[in-house]
Amino acid sequence: MDIGGFLGVLKDLPNVGLGLIIFIIWYVDGKNISKIIQEFRDFREAESKNHTETIRKIEARRKEEKANHSTAITELEEQRKADLEMHREKLFESEKEQGRILEMIRGQSTEFMAEIRIQRTEFITRVEDAMKEQQQMYINNASLVKRFTELAESAQDLNKGLQDIIVLNTQKLTQIEASLSHNTYCPIVRKEAGN
(Lines give C-alpha, C1' and ligand atoms only; values in the text may rest on other atoms or scores of the structure.)
Protein backbone atom coordinates (compact mmCIF):
# COMPACT_ATOMS: atom_id res chain seq x y z
CA MET A 1 0.00 0.00 0.00
CA ASP A 2 1.47 3.35 -0.99
CA ILE A 3 1.33 6.37 1.31
CA GLY A 4 -1.53 7.94 -0.68
CA GLY A 5 -3.69 4.84 -0.20
CA PHE A 6 -2.74 4.74 3.45
CA LEU A 7 -3.77 8.38 3.92
CA GLY A 8 -7.03 7.68 2.04
CA VAL A 9 -7.87 4.94 4.53
CA LEU A 10 -7.03 7.21 7.46
CA LYS A 11 -9.16 10.04 6.02
CA ASP A 12 -12.21 7.77 6.36
CA LEU A 13 -11.55 7.29 10.09
CA PRO A 14 -13.04 10.42 11.74
CA ASN A 15 -12.10 9.51 15.31
CA VAL A 16 -8.35 8.96 14.73
CA GLY A 17 -6.26 11.66 16.35
CA LEU A 18 -3.81 13.67 14.28
CA GLY A 19 -0.91 12.74 16.56
CA LEU A 20 -1.67 9.03 16.08
CA ILE A 21 -1.77 9.45 12.31
CA ILE A 22 1.60 11.23 12.26
CA PHE A 23 3.08 8.58 14.56
CA ILE A 24 1.85 5.76 12.28
CA ILE A 25 3.30 7.44 9.18
CA TRP A 26 6.62 8.01 10.95
CA TYR A 27 6.72 4.46 12.33
CA VAL A 28 5.90 2.74 9.02
CA ASP A 29 8.39 4.90 7.12
CA GLY A 30 11.14 4.29 9.71
CA LYS A 31 10.57 0.52 9.54
CA ASN A 32 10.83 0.43 5.73
CA ILE A 33 14.10 2.39 5.59
CA SER A 34 15.59 0.43 8.49
CA LYS A 35 14.64 -2.84 6.80
CA ILE A 36 16.26 -1.81 3.49
CA ILE A 37 19.47 -0.70 5.23
CA GLN A 38 19.59 -3.91 7.31
CA GLU A 39 19.10 -6.07 4.18
CA PHE A 40 21.90 -4.18 2.49
CA ARG A 41 24.22 -4.66 5.48
CA ASP A 42 23.38 -8.38 5.60
CA PHE A 43 24.15 -8.68 1.89
CA ARG A 44 27.49 -6.91 2.34
CA GLU A 45 28.37 -9.09 5.33
CA ALA A 46 27.49 -12.27 3.35
CA GLU A 47 29.68 -11.10 0.46
CA SER A 48 32.55 -10.42 2.84
CA LYS A 49 32.17 -13.85 4.48
CA ASN A 50 32.04 -15.48 1.05
CA HIS A 51 35.30 -13.81 -0.01
CA THR A 52 36.92 -14.61 3.33
CA GLU A 53 35.82 -18.26 3.02
CA THR A 54 37.26 -18.43 -0.49
CA ILE A 55 40.57 -16.98 0.70
CA ARG A 56 40.64 -19.45 3.58
CA LYS A 57 39.99 -22.38 1.21
CA ILE A 58 42.76 -21.25 -1.11
CA GLU A 59 45.20 -21.08 1.78
CA ALA A 60 44.14 -24.55 2.99
CA ARG A 61 44.60 -25.96 -0.51
CA ARG A 62 48.04 -24.37 -0.74
CA LYS A 63 49.16 -25.97 2.50
CA GLU A 64 47.90 -29.38 1.38
CA GLU A 65 49.61 -29.17 -1.98
CA LYS A 66 52.83 -27.97 -0.38
CA ALA A 67 52.87 -31.04 1.79
CA ASN A 68 52.16 -33.36 -1.17
CA HIS A 69 54.17 -31.61 -3.87
CA SER A 70 57.21 -29.77 -2.75
CA THR A 71 58.13 -28.92 -6.33
CA ALA A 72 54.85 -27.03 -6.98
CA ILE A 73 55.24 -24.69 -3.99
CA THR A 74 56.40 -21.78 -6.08
CA GLU A 75 53.57 -22.11 -8.59
CA LEU A 76 50.95 -22.50 -5.88
CA GLU A 77 52.29 -19.48 -4.05
CA GLU A 78 52.02 -17.40 -7.18
CA GLN A 79 48.54 -18.76 -7.90
CA ARG A 80 47.45 -18.08 -4.32
CA LYS A 81 48.76 -14.54 -4.53
CA ALA A 82 47.00 -13.98 -7.84
CA ASP A 83 43.75 -15.45 -6.49
CA LEU A 84 44.09 -13.48 -3.31
CA GLU A 85 44.69 -10.30 -5.25
CA MET A 86 41.77 -11.05 -7.56
CA HIS A 87 39.45 -11.66 -4.61
CA ARG A 88 40.71 -8.52 -2.91
CA GLU A 89 39.98 -6.57 -6.07
CA LYS A 90 36.53 -8.15 -6.27
CA LEU A 91 35.95 -7.35 -2.62
CA PHE A 92 37.07 -3.77 -3.23
CA GLU A 93 34.82 -3.50 -6.31
CA SER A 94 31.94 -5.06 -4.36
CA GLU A 95 32.43 -2.57 -1.53
CA LYS A 96 32.49 0.28 -4.06
CA GLU A 97 29.28 -1.02 -5.65
CA GLN A 98 27.69 -1.42 -2.23
CA GLY A 99 28.67 2.16 -1.38
CA ARG A 100 27.12 3.37 -4.63
CA ILE A 101 23.93 1.40 -3.91
CA LEU A 102 23.82 2.76 -0.37
CA GLU A 103 24.14 6.33 -1.68
CA MET A 104 21.37 5.64 -4.19
CA ILE A 105 19.14 4.26 -1.41
CA ARG A 106 19.87 7.32 0.73
CA GLY A 107 18.96 9.60 -2.18
CA GLN A 108 15.73 7.73 -2.82
CA SER A 109 14.84 7.70 0.86
CA THR A 110 15.45 11.46 1.02
CA GLU A 111 13.12 12.00 -1.95
CA PHE A 112 10.57 9.63 -0.40
CA MET A 113 10.73 11.45 2.93
CA ALA A 114 10.28 14.81 1.17
CA GLU A 115 7.19 13.46 -0.61
CA ILE A 116 5.83 12.10 2.69
CA ARG A 117 6.42 15.48 4.36
CA ILE A 118 4.49 17.23 1.57
CA GLN A 119 1.62 14.74 1.78
CA ARG A 120 1.61 14.96 5.58
CA THR A 121 1.48 18.78 5.42
CA GLU A 122 -1.39 18.65 2.92
CA PHE A 123 -3.23 16.12 5.11
CA ILE A 124 -2.75 18.26 8.23
CA THR A 125 -4.05 21.31 6.33
CA ARG A 126 -7.14 19.36 5.20
CA VAL A 127 -7.75 18.14 8.76
CA GLU A 128 -7.35 21.67 10.17
CA ASP A 129 -9.79 23.04 7.55
CA ALA A 130 -12.30 20.32 8.38
CA MET A 131 -11.94 21.08 12.09
CA LYS A 132 -12.52 24.81 11.43
CA GLU A 133 -15.64 23.98 9.40
CA GLN A 134 -16.87 21.73 12.18
CA GLN A 135 -16.20 24.43 14.79
CA GLN A 136 -18.14 26.98 12.68
CA MET A 137 -21.01 24.50 12.36
CA TYR A 138 -21.17 24.16 16.16
CA ILE A 139 -21.14 27.95 16.55
CA ASN A 140 -23.95 28.26 13.96
CA ASN A 141 -25.95 25.54 15.73
CA ALA A 142 -25.55 27.31 19.09
CA SER A 143 -26.74 30.56 17.50
CA LEU A 144 -29.72 28.76 15.92
CA VAL A 145 -30.68 27.21 19.27
CA LYS A 146 -30.46 30.62 20.95
CA ARG A 147 -32.67 32.27 18.32
CA PHE A 148 -35.15 29.37 18.45
CA THR A 149 -35.33 29.71 22.25
CA GLU A 150 -36.00 33.46 21.93
CA LEU A 151 -38.69 32.78 19.31
CA ALA A 152 -40.32 30.15 21.54
CA GLU A 153 -40.33 32.56 24.50
CA SER A 154 -41.88 35.35 22.43
CA ALA A 155 -44.47 32.89 21.07
CA GLN A 156 -45.24 31.86 24.63
CA ASP A 157 -45.71 35.52 25.64
CA LEU A 158 -47.92 36.09 22.57
CA ASN A 159 -49.91 32.96 23.39
CA LYS A 160 -50.49 34.16 26.96
CA GLY A 161 -51.68 37.55 25.64
CA LEU A 162 -54.05 35.87 23.16
CA GLN A 163 -55.35 33.59 25.87
CA ASP A 164 -56.14 36.60 28.06
CA ILE A 165 -57.97 38.31 25.13
CA ILE A 166 -60.01 35.16 24.40
CA VAL A 167 -60.98 34.76 28.07
CA LEU A 168 -61.97 38.46 28.27
CA ASN A 169 -64.00 38.24 25.03
CA THR A 170 -65.74 35.10 26.27
CA GLN A 171 -66.65 36.83 29.54
CA LYS A 172 -67.97 39.91 27.74
CA LEU A 173 -69.98 37.86 25.24
CA THR A 174 -71.47 35.89 28.14
CA GLN A 175 -72.44 39.19 29.84
CA ILE A 176 -73.96 40.49 26.58
CA GLU A 177 -75.92 37.28 26.12
CA ALA A 178 -77.16 37.46 29.72
CA SER A 179 -78.15 41.13 29.27
CA LEU A 180 -79.98 40.32 26.08
CA SER A 181 -81.76 37.36 27.68
CA HIS A 182 -82.94 39.36 30.66
CA ASN A 183 -83.72 42.56 28.82
CA THR A 184 -87.40 43.18 29.69
CA TYR A 185 -87.43 46.72 28.44
CA CYS A 186 -87.66 45.58 24.81
CA PRO A 187 -91.29 44.78 23.82
CA ILE A 188 -90.23 41.91 21.53
CA VAL A 189 -88.21 40.25 24.29
CA ARG A 190 -91.15 40.60 26.74
CA LYS A 191 -93.50 39.05 24.23
CA GLU A 192 -91.17 36.11 23.65
CA ALA A 193 -90.62 35.71 27.39
CA GLY A 194 -94.37 35.45 27.88
CA ASN A 195 -94.92 38.55 29.97
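The values are calculated or read from the model by the stated rules, or taken from the named source; none is laboratory data. Just so it is clear, the model here is predicted, and its values are computed rather than measured. When we count neighbours, we look across all protein chains shown, and the Cβ atoms used for this are built from the backbone with ideal geometry, even at glycine.
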*Looking at (1) at pLDDT below 80; (2) within 40 Å of the chain's Cα centre (by Cα), which is the only condition Ile116 fails?*
(1)
*Does Leu76 satisfy the criteria of being of a type outside the set (S, T, N, Q), modelled with pLDDT of 75 or more, touching a helix residue (DSSP H, G or I) at 6+ places or on another chain (Cβ under 6 Å) and assigned to a helix (DSSP H, G or I)?*
no
*Name every residue in region 93-146 that is among the aromatic types (Phe, Trp, Tyr) and either touching a residue at least 60 places away in the same chain (Cβ under 8 Å) or under 30 Å from His51 (Cβ atoms) (or both), in order of residue number.*
Phe112, Phe123
*Within region 94-110, identify whether any single residue is modelled with pLDDT of 90 or more and either among the hydroxyl-bearing types (Ser, Thr, Tyr) or in contact with a Cys (Cβ under 9 Å, 6 or more places away or on another chain) (or both), and answer yes or no.*
no
